[in-house]
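Everything on this sheet refers to the single structure shown next.
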Amino acid sequence: GHVTGVQTCALPISDHAAVAIEHARLFEREQDRRRQLEAIRDVSYEITRELDLSRLLQLIWHRAAALVDGDRGALFLWDDEAQELHASVWPECFDEVRSVRLKPGEGAAGTVAQTRQGLVLNDYRSWPQALAHFVEVSPTIAYMVEPVLYQDRLIGVIGVGRSESGRPFTRSDQETLRLFGQHAAVAIENARLFDQEQRRRRQVE
């Protein structure tokens, strides 16, 4: 009887292996998370030092795309007067976005502007609200969009896409873009305030 009692206390070898694999997976995830946060911190430090608004907007979109490894998309700014989004920065390969104006609820960016919630569309082309024009002219397959909010005020929307099939965006990618979007909002607000102050000074002089 004692022998069987001893056997039931010990985990079978396969269970030990499963536990070890799970520990390794958690450790790897933690390492990835640390690297991700370091990358966001470095990039955020870089953007908050840029006070020229047009250079800053370029920097924000390109750093956002690099952080989540995207090759398509755009940075849209919210026009409070017209109550619409307009594309502000985009990569050269995505020039079809140049004249785009989106009302709240229109397309992925308009939807995010309306709901203030991020969106991950790993099959953008079959999404019922996908903009027909984009589906036609753009090879974007996976598309991820996050709002840029400053103290609950909509500043704009960052959209990053991938044109390579078999590379979906993950929850971790979404978290990265969301965190970066928070830093981007502060940087844009600072640059706008700096710009206003410069203009005011020129008028006084």
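The values are calculated or read from the model by the stated rules, or taken from the named source; none is laboratory data. Predicted model, so just to flag it, every value in this text is computed and none were measured. Please note: Cβ atoms are built from the backbone with ideal geometry, for glycine as well, and neighbour counts cover all protein chains shown. With ligands, DNA and RNA removed, areas are computed over all heavy atoms of the protein, side chains included. Shrake-Rupley method; radii C 1.70, N 1.55, O 1.52, S 1.80 Å.
From the helices alone, meaning DSSP H stretches of at least four residues, give me the mean residue ellipticity at 222 nm for the chain, per-run term -39500 (n - 2.57), in deg cm²/dmol to the nearest 500.
-18000 deg cm²/dmol
Normalised by the number of residues in region 136-197, what is the relative contact order in percent for Cα pairs under 8 Å and 6+ residues apart?
The value is 35 percent.
Report, to the nearest 10°, how far helix 53-68 tilts away from the longest principal axis of the Cα atoms in the chain, using its own Cα long axis and a range of 0 to 90°.
20 degrees
Applying 1/(1 + (r/R0)^6) with R0 = 35 Å to the Cβ-Cβ distance of Arg49 and His16, what FRET efficiency is obtained, to the nearest 0.05?
In this case the efficiency is close to 0.10.
Can you work out the Karplus-derived ³J(HN,Hα) for every residue in region 146-160? Use 6.51 cos²θ - 1.76 cosθ + 1.60 with θ = phi - 60°, whole Hz, and x for glycine or proline.
Result, rounded to whole Hz: 10, x, 10, 10, 10, 6, 6, 9, 6, 9, x, 9, 9, x, 10.
Calculate what fraction, in whole %, of the accessible area of region 20-132 sits on carbon and sulfur atoms when a 1.4 Å probe is rolled over the protein chains.
Answer for region 20-132 is 48 percent, counting heavy atoms of protein chains only.
Considering Cα pairs under 8 angstrom that are at least six residues apart, work out the relative contact order of region 37-177 and quote it in whole percent.
Normalised by residue count, the contact order of region 37-177 is 24 percent.
Considering only protein heavy atoms, with the full assembly of protein chains and a 1.4 angstrom probe, order Ser99, Ser172, Ser138 by accessible area, largest first.
Ser99, Ser172, Ser138
Quote to one decimal, in nm, the extra length available between Ala24 and Glu136 on full extension: 0.36 nm per residue of separation minus the C-alpha distance between them.
Between Ala24 and Glu136, full extension yields 36.0 nm more.
Label-point separation (nm) for Ala66 and Arg34, each offset 7 Å from Cα along Cα-to-Cβ?
Between Ala66 and Arg34, the simple spin-label model gives 2.3 nm.
State whether the chain is rounded, prolate or oblate according to the following rule on the C-alpha gyration tensor (a ≥ b ≥ c being the square roots of its eigenvalues): a/c under 1.5 gives rounded; otherwise a/b larger than b/c gives prolate, and the remaining case gives oblate.
Prolate, because a/c is 1.5 or more and a/b exceeds b/c.
To the nearest 10 Å², what's Thr140's accessible area with a 1.4 Å probe?
Taking all protein chains as shown, Thr140 has close to 10 Å².
Note down the nm distance, to one decimal, between modelled labels 7 Å out along Cα→Cβ at Arg98 and at Asp152.
Roughly 4.0 nm, to one decimal.
Which of Arg125, Arg162, Arg171 ends up with the largest GNM mean-square fluctuation for the chain, with Cα atoms connected below 10 Å?
Among Arg125, Arg162, Arg171, the largest GNM mean-square fluctuation belongs to Arg171.
Which FRET efficiency value, to the nearest 0.05, do you get for Arg116 and Thr170 by plugging their Cβ-Cβ distance into 1/(1 + (r/R0)^6) with R0 = 25 Å?
The formula returns an efficiency of 0.70 here.
So what is the accessible area of the chain per residue, in Å², with the probe set to 1.4 Å?
Computed with neighbouring chains in place, this is 60 Å² per residue.
Please give the helix 13-48 orientation as an angle from the longest Cα principal axis of the chain, in degrees from 0 to 90, rounded to the nearest 10.
Its long axis makes an angle of about 20 degrees.
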